[in-house]
Structures are given as structure tokens and as C-alpha cells.
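K.L.:
What follows is a single structure, and I will ask about it in a moment.
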């Protein structure tokens, strides 16, 4: 296929760099290398590796120029197709991560790349001082498909941004504006829940009660209180007259794939209505079809529907975009100048998201997600029966699945990767499976066979 590859010339160009290369020299060399790599490339299917670059060498050199915020293995992915990725040594990996629940249509999806190519030749960015054809059209589609799905029946308006953290920051600001509009100046408190994850910016981080993430950057934004998911009895004391917003994931992703019960979410909404607080559902990881419903809360009664819902990840299939969806009761409190974004809603990202959402919301795809989720669950339950001392529980819905282990899964993840399977962790001792929606039954079994081989050695 015609995917770009690092050529021998690229390898040699990068290889000439010394670890302490001056920035100007590095820039010039990489530009030359990129120019060489853009030439007609050797077929990716040839399997030839003699001309491949040494990823470890390149990674070591690049480390001097990058803030060390990530812990990554010494592999470099160069291309993808469907549910597979290939590294710079042409090693093939089956992807059970989908870029952490992002690439739901898979890698290098032809529909997405076609829209990207076409729109990039028309208009990539125009500032939000002016209209463009796609921000409003995407907003309309989000509202129409959400209502038609049976979720968030009072969804009315959308703020388009660039990421999940930004979507949650907007939700936090909007909830606080609603609280202040009540006339009670003390109505500024927020409630979130242990094992949640809402982002890394200061507001969303303050809603994420994880010492590892919060401690280096304290103090947090004041006014946040934390409860336990599914603790119905604690809600009345947790959510008070001074609470302006409550944010919760219907299915906690990073925290270990924990599902909020219907009883809990109904009680939470009821209490929010009693005290005039805004209920926010963070569906950044669990929404947009991941459960087999368009939205994870879609099967719940209207009495549990949110006032604000946030989304991102799968919305752009890898193109950065997020959205904050609100009811009219929230929207009417937000006026011009209350919030904004430079890149949010740009025509390139908005048009891609419009295309992606149109496909993710199809009934056929949602049914397939449910069915594939059952294929996973059936096989994983068999593994649980086979290795009861290692697997204690299988959680999740659709294609967001948690495999609870009795030991640290780090070594299992590494061994899976060595065997060509990419898989994630979450929470405490949990394997997280969030593959592309387009994964096939054959690929599911292929990946689970690899996983079983590793588990058998670990049991």
C-alpha cells in the first residue's frame, strides 16, 4: 500500500544526529529527512526491514527536546489500517486500545481521510469572529442524533472545543454560572466521585480525586467535594444547597470500568433538581457508541438524564475535537463573552466530526458493537473460569470492558505488546479493552488468544 515509510535516506539523515545536536541543526536535518520520506515509498507489504530506522536511537535523540510527561516503550508507530498498527520495523500490532477509545472507526479510515483531504483544500481554520459552514451543522447533528437516540431528551445547544478536558472545563464554568445566576453567591460547590477522571486542566483536574495527579499541582480549585460511585445513601449530604454542579461518568473509564447504577443516577438527578444543581455526564470515553448505545446513559429513564453532557475522543476519530452539550435552561444563562476558543469548531475538525458522528450513530453499527461486546464477554468469562486465581471479574458494556486481575497487569501488558497485541490498564489491577468498533470477530479471537497465552504463564 502507499503509506509513507521511513526510507533508508531518512534513517541515515537521522542517524547523523548526535545526542547533543544544536536545535538549528536538528530542525534542518529533520526537514531534509521529512522531504526524503515524502518521496515514493517502498511497498509496506514487502516486509523488508533492512532500511528501517532504529527507533530507540531516534527516540533517545528526540527526548532532549520533549517535556518528559509520558512513559513510553521504545517502539515508534508509523502507520495504521483498520484495527492494526505497524511500527518502524514493520512489526504488526492488533490494537485493543483505539488510541484510548479514540479511533473508533479504526486507523486510516478511508471515509475520514477523504473528508480530511477535501476540506483541507477548502478551509482549515477561520476564527470564531466569523461563521463557517460546519460548526453549526455539527452542532445540529449532535442535538438531533442525541434526541433521536432517546438520550438527554432536553439537549438543546452545543459548545464545540478541542478536547475532553476543554469540554469539561466548559461544563464546570457553565454550571458555576448557573449557580451564581440563582442569586445565591455561595452556590459554587462541585461534586465528583472517587476513581473518576475528568482531565488535566486545573478545573477538570480538581474534579479528578487522584492524589497522583493532583498533589504536584495543588492547591486545587476550591469548592470540590468527592463521593463514592453508587453510594445512594450519601447523596443528600454530598449534594447541598451550595452545590452548583455534579459531574459523573456513567461508566468510569480510567478508574477501572465501573458502571454507575440506574438507581444511583436517578437519585443523583433528583437531588440536583431539589437543590438547583446542574448534573453533568462525562461521556468522553464511554459515549458515542462505545456501549452499543449512542450515549452510555441512553437506556436510562428521563429522570436520570443530564443537564450537561461532555464528549470528545471518538468524535473526531483522531482529529482533536470536543463538545459540551447543554439544555436550554443552561444555555440561557450563558451570554456572549462568557466563554470561547481559538481552534474549537474549526471547519476541518467540525466537518470530520460531522462525518464520524453520522456513521457512529447508525443503528447497524450500534447493534454490531453490542454483538461484538458479547463475543468479548463470552470469551473473557471462559478465561475467568479457566484462571479464577488471576481473573476475579469482567465488567463493562459493549466495547468498553474491564478485566479485573488479582495482580499488577503491567507485565502482562508488556508481554502482550511483545506478541503483537496492544492493550491498556485502568484503575487498580484492571486490563482495559476499548478496541475500534470495526474490529472483526476473527481479530477479537486473535487478540484474546494472545492474551490467554500470556495469562496462562501468569496464572
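K.L.:
When you scan region 81-102, do you find a residue that is assigned to a helix (DSSP H, G or I) and without any contact (Cβ under 8 Å) to a residue 60 or more places away in the chain, even just one?
P.N.:
Pass one, region 81-102, residues assigned to a helix (DSSP H, G or I): 98-101.
Okay, now just the ones that are also without any contact (Cβ under 8 Å) to a residue 60 or more places away in the chain, so none.
No: zero hits.
K.L.:
May I ask you to list the residues in region 211-239 that are in contact with a strand residue (DSSP E or B) (Cβ under 7 Å, 6 or more places away or on another chain) and surrounded by 14 or more Cβ atoms within 10 Å (Cβ to Cβ)? Explain how you work it out, then say what you get.
P.N.:
Within region 211-239, the first condition is being in contact with a strand residue (DSSP E or B) (Cβ under 7 Å, 6 or more places away or on another chain), and the residues that meet it are 223-229, 234, 238-239.
Correct list: 223, 224, 225, 226, 227, 229, 238, 239.
K.L.:
Out of region 321-334, which residues are surrounded by fewer than 20 Cβ atoms within 10 Å (Cβ to Cβ) and part of a loop (DSSP other than H, G, I, E, B)?
P.N.:
Within region 321-334, 332, 333, 334 qualify.
K.L.:
Being on the phi < 0 side of the Ramachandran plot, touching a helix residue (DSSP H, G or I) at 6+ places or on another chain (Cβ under 6 Å) and assigned by TED's automatic domain parsing to the domain that holds residue 164 narrows it down to one residue among 211, 248, 221; which is it? If you could, list the steps in order and put the result at the bottom.
P.N.:
On the way: 211 fails: touching a helix residue (DSSP H, G or I) at 6+ places or on another chain (Cβ under 6 Å); 248 fails: touching a helix residue (DSSP H, G or I) at 6+ places or on another chain (Cβ under 6 Å).
Going through 211, 248, 221 in turn, the sole match is 221.
K.L.:
Condition check: touching a residue at least 12 places away in the same chain (Cβ under 8 Å), in the same structural domain as residue 221 (by TED's automatic domain parsing) and either closer than 22 Å to residue 316 by Cβ or outside any helix (DSSP H, G or I) (or both). Does residue 112 satisfy that? Spell out how you get there, then give the answer.
P.N.:
Details: touching a residue at least 12 places away in the same chain (Cβ under 8 Å): yes; in the same structural domain as residue 221 (by TED's automatic domain parsing): no; either closer than 22 Å to residue 316 by Cβ or outside any helix (DSSP H, G or I) (or both): yes.
No: the conditions fail for residue 112.
K.L.:
Condition test on residue 279, is it in contact with a helix residue (DSSP H, G or I) (Cβ under 8 Å, 6 or more places away or on another chain), over 26 Å from residue 105 (Cα atoms) and in the same structural domain as residue 169 (by TED's automatic domain parsing)?
P.N.:
On the way: in contact with a helix residue (DSSP H, G or I) (Cβ under 8 Å, 6 or more places away or on another chain): yes; over 26 Å from residue 105 (Cα atoms): yes; in the same structural domain as residue 169 (by TED's automatic domain parsing): yes.
In short, yes.
K.L.:
Would you be able to say whether some residue in region 109-123 is surrounded by 14 or more Cβ atoms within 10 Å (Cβ to Cβ) and more than 28 Å from residue 366 (Cα to Cα)?
P.N.:
yes
K.L.:
Looking at region 342-356, can you tell me whether even one residue there is in the same structural domain as residue 146 (by TED's automatic domain parsing), buried (at least 20 other Cβ atoms within 10 Å of the Cβ), farther than 23 Å from residue 165 by Cβ and modelled with pLDDT of 95 or more?
P.N.:
Taking every residue of region 342-356 in turn, at least one turns out to be in the same structural domain as residue 146 (by TED's automatic domain parsing), buried (at least 20 other Cβ atoms within 10 Å of the Cβ), farther than 23 Å from residue 165 by Cβ and modelled with pLDDT of 95 or more.
K.L.:
Next up: May I ask you to verify whether residue 136 is outside any strand (DSSP E or B), buried (at least 19 other Cβ atoms within 10 Å of the Cβ) and over 19 Å from the mean Cα position of the chain (by Cα)?
P.N.:
Numbers: outside any strand (DSSP E or B): yes; buried (at least 19 other Cβ atoms within 10 Å of the Cβ): no; over 19 Å from the mean Cα position of the chain (by Cα): yes.
Criteria not met by residue 136.
K.L.:
For residue 376, indicate whether it is in contact with a helix residue (DSSP H, G or I) (Cβ under 8 Å, 6 or more places away or on another chain) and either assigned by TED's automatic domain parsing to the domain that holds residue 148 or modelled with pLDDT under 95 (or both). Working first, answer last.
P.N.:
On the way: in contact with a helix residue (DSSP H, G or I) (Cβ under 8 Å, 6 or more places away or on another chain): yes; either assigned by TED's automatic domain parsing to the domain that holds residue 148 or modelled with pLDDT under 95 (or both): no.
No; evaluated as a whole, the condition is false for this residue.
The values are calculated or read from the model by the stated rules, or taken from the named source; none is laboratory data. Here the structure is a predicted model, which is why all the values come from computation and not from measurement. Using ideal geometry, Cβ is built from the backbone for each residue, glycine included, and neighbour counts are taken over all protein chains shown.
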